[in-house]
Amino acid sequence: MSRPTLLALTQRILSSMDSDSVNNISDTLEAEQVADVIRETYLDIVDEFDLESEHTVFNLDASGTTARPTHMSVPEAYHSVEWVKYDNRASSAATERNYTSIPFMEPGDFIEASNQLNSDDSTVDVISDPSGIELLIRNDVNPSCWTTFDGETYIFDSYDNTIDTTLQSSKTQAYGQKAQTLTISDTATIDLPQELYMLLRNQSRETCFDLFKDGAPLKVRQMAERSRVRANRLKKSTRLGREVNDRVDYGRK
């Protein structure tokens, strides 16, 4: 079954509003406004239902500077991380991969552990976080935990400078949710399960009537409300992924 396009849904909503028909979204200002409402509603639905199909594996971005050798970041295309692994090879000469799960540590506990290190020890680096605080990290062992203060920058507790001068993006494995976008274009496709597509259609139509007409008719409101009720029931289904409360989300705020 082919996926509906943004243009097709825009045309359908314009028709239900008894507005001018269009062949392209750019034909009228109203069509562009309707398409924008659809896009915003789509992003809200994707975020609310935490769709399992939008989760994937990816690499973290390295800091690229020896001033912050254990700082890494979440790529712009992603906004949550469930787990992180790092290739903790035994030495610079080792060729065997050793991807190891690196657990998350609460920021306060991370700082407390960091403060226990001896800053005068040659195996300890004193680095400055962008927040301005100093952190002590070991430079002679592979990472064993990580934390984040802002949901975007990840700070690991150590690295082995005999292997790499900084942690490497290519040695990370992360799993999380990809940030979704819906480009305003005629051919942009709407990738949603059928039940949520109905929610998108009816909720977008209700919003468009409220914004661009004199308010949504009772029938339009009833259809939108029925779609919301069905979608909320569906939210509990594993077909749409786990509930947010069932897992830790280290995503962007």
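A few points about this structure:
- Filter result for Phe104 (in contact (Cβ under 8 Å) with a residue 60 or more places away in the chain, within 30 Å of Thr165 (Cβ to Cβ) and under 19 Å from the mean Cα position of the chain (by Cα)): yes
- Some residue of region 90-104 being crowded, with 19+ Cβ neighbours inside 10 Å and either touching a helix residue (DSSP H, G or I) at 6+ places or on another chain (Cβ under 8 Å) or in a loop (DSSP other than H, G, I, E, B) (or both): yes
- Of all residues in region 116-129 being free of Cβ contacts under 8 Å to residues at least 60 places away in the same chain and part of a loop (DSSP other than H, G, I, E, B), the one that is farthest from Tyr99 (Cα to Cα): Asp120
- Only one of the numbered conditions (1) at pLDDT below 95; (2) out of contact with any strand residue (DSSP E or B) (no Cβ under 9 Å at 6 or more places or on another chain); (3) not in a loop (DSSP other than H, G, I, E, B) is not met by Asp191, and that is (3).
- Among the criteria (1) outside any strand (DSSP E or B); (2) outside the structural domain of Asp210 (by TED's automatic domain parsing); (3) touching a helix residue (DSSP H, G or I) at 6+ places or on another chain (Cβ under 7 Å), the one Tyr86 does not fulfil is (1).
- Checking each residue in region 8-26 for being under 29 Å from the mean Cα position of the chain (by Cα) and more than 18 Å from Phe212 (Cβ to Cβ) picks out only Ala8.
- Residue in region 19-39 that is surrounded by the most Cβ atoms within 10 Å (Cβ to Cβ), counting only those that are in a helix (DSSP H, G or I) and of a type in the set (Gly, Ala, Ser): Ala35
- Matching residues, region 134-154, being without any contact (Cβ under 8 Å) to a residue 12 or more places away in the chain and among the hydrophobic types (A, V, I, L, M, F, W, C): none
- Residues being in contact with a Gly (Cβ under 9 Å, 6 or more places away or on another chain) and among the acidic types (Asp, Glu) - total across region 173-226: 0
- Qualifying residues in region 112-147 (those that are surrounded by fewer than 20 Cβ atoms within 10 Å (Cβ to Cβ) and within 26 Å of the chain's Cα centre (by Cα)) - the one nearest to Ala90 (Cα to Cα): Ser144
The values are calculated or read from the model by the stated rules, or taken from the named source; none is laboratory data. This structure is a prediction, so every number in the text was calculated from the model and none was measured. Neighbour counts are summed over all protein chains in view; Cβ atoms, including those assigned to glycine, are modelled from backbone coordinates with ideal geometry.
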